[in-house]
Amino acid sequence: MPFNWTCPHCNRDQTVVAEKYADDNYSLNVTGSNVGSLVLHLKTIVCSNLDCRKPTIDAAVGGDAGAQVWRISKDKILFSQRLIPQGLAKPQPDYIPAALRDDYYEACLIRDFSPKASATLTRRCLQGMIRDFASIRKDTLFQEIIALREAVNEGRADRAISPETVEAIDHVRGVGNIGAHMEKDINLIVEVDSGEAQALIDLVELLFEEWYVAREIRKTRLARIAGIAEAKKIDRKAPLSAPAVDAFADLKGKETLKPGDGPLERITDQKRPDAALKS
Ligand SMILES: [Zn+2]
């Protein structure tokens with residue numbers, strides 16, 4: 001029964017065990033529906049991450065398959081959707097500007113109900129990212145993408161902006177109606193289907209990852225390396241510092257330095273144990 005799973009709330013990979021998983025089917029107490037007896041199916045997983053512990057619940061309603069137990073027939077599904085969490089958004093870290101994250105979450109939430117509203121939000125999010133991350137601001141998203149490409153080609157853009165990510169933007173620009181309207185204002189509503197809306201969501205996720213997350217990881221690594229280098233510097237000075245002197249003091253038995261001893265006296269002290277060993 002245990003299976004691998006990634007929590008949509010906290011994004012933590014984990015193995016789901018029996019007590020964290022439920023698969024329930026309920027018969028609804030009505031008759032005469034066009035698909036026969038109605039069944040409610042709930043699939044629940046509770047996250048094992050102690051900092052999260054949130055439930056993820058998928059629900060479906062449909063006509064009974066007529067087996068020994070209540071079970072929705074595959075061709076009689078009336079509704080099938082995730083109840084908790086709402087939308088298919090992936091959790092995004094706090095260092096991505098809140099306005100961008102909010103547009104992204106909402107775009108994910110409404111993708112199926114209103115693809116064109118979803119696409120409007122992701123286009124705004126895309127523009128917000130180019131303005132924030134690449135510091136490029138023009139009249140239209142289209143002009144901004146052109147300027148971004150030029151900046152990358154000429155080596156003027158942030159190092160995190162690879163030619164591949166600009167290609168990904170160009171690629172999505174070629175999808176259906178999205179590209180045709182990029183030359184106009186981003187607030188213009190574009191007729192797109194949910195597949196096209198998803199292509200924009202995928203692009204925003206890719207850029208979050210390749211731009212913001214990658215930059216943060218690099219920053220953290222550099223800080224760690226700088227920290228190690230700093231610690232090494234302190235290590236090199238260590239013979240003059242108190243702990244090293246104490247170590248030598250151990251060799252000398254109970255003899256310790258008096259407070260106020262200067263560095264020169266300490267160095268002289270440190271030579272003493274060697275001399276004692278030779279004699
Ligand atoms: Zn979780």
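Taken together, the values in this text are just the output of simple stated rules run on the coordinates, not laboratory data. Since the model is a prediction, treat every value here as computed from it, not as a measurement. Using ideal geometry, Cβ is built from the backbone for each residue, glycine included, and neighbour counts are taken over all protein chains shown.
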Between the alpha-carbon centers of region 127-150 and region 70-100, tell me the distance in whole angstrom. 31 Å
Would you pull out the residues with amide H under 5 Å of Leu78's amide H, same chain only if 5 or more places away, H placed 1.01 Å from N? Val61, Gly62, Gly63
Provide the per-residue ³J(HN,Hα) series for region 86-95, in order, calculated from phi with Karplus coefficients 6.51, -1.76, 1.60 and θ = phi - 60°, each as a whole number of Hz, with x at glycine and proline positions. 6, x, 10, 5, 8, x, 10, x, 5, 6
From phi via Karplus (6.51, -1.76, 1.60), per-residue ³J(HN,Hα) for region 54-70 in Hz, x at Gly/Pro: 7, x, 10, 10, 9, 10, 9, 10, x, x, 5, 7, x, 7, 5, 10, 5
Show me, for region 210-222, the HN-Hα J-couplings you get by feeding each phi into the Karplus relation (A = 6.51, B = -1.76, C = 1.60, θ = phi - 60°), rounded to Hz, glycine and proline as x. 6, 9, 6, 5, 4, 5, 5, 4, 5, 4, 5, 4, 4
Cβ-Cβ cut-off under 13 Å around Glu210, Lys and Arg +1, Asp and Glu -1: the net charge is -4
Dipole axis of region 64-121 (+1 Lys, Arg; -1 Asp, Glu on Cβ), positive-most option in Tyr105, Ser80, Leu121: Ser80
Which three extents, in angstrom, do the Cα atoms of region 1-86 have along their principal axes, listed largest first? 46, 26, 21
Could you list the chymotrypsin sites (Phe, Trp or Tyr not before Pro) in region 100-148 that lie in coil according to DSSP, counting only those with at most 12 other Cβ atoms within 10 Å of their Cβ? Phe113
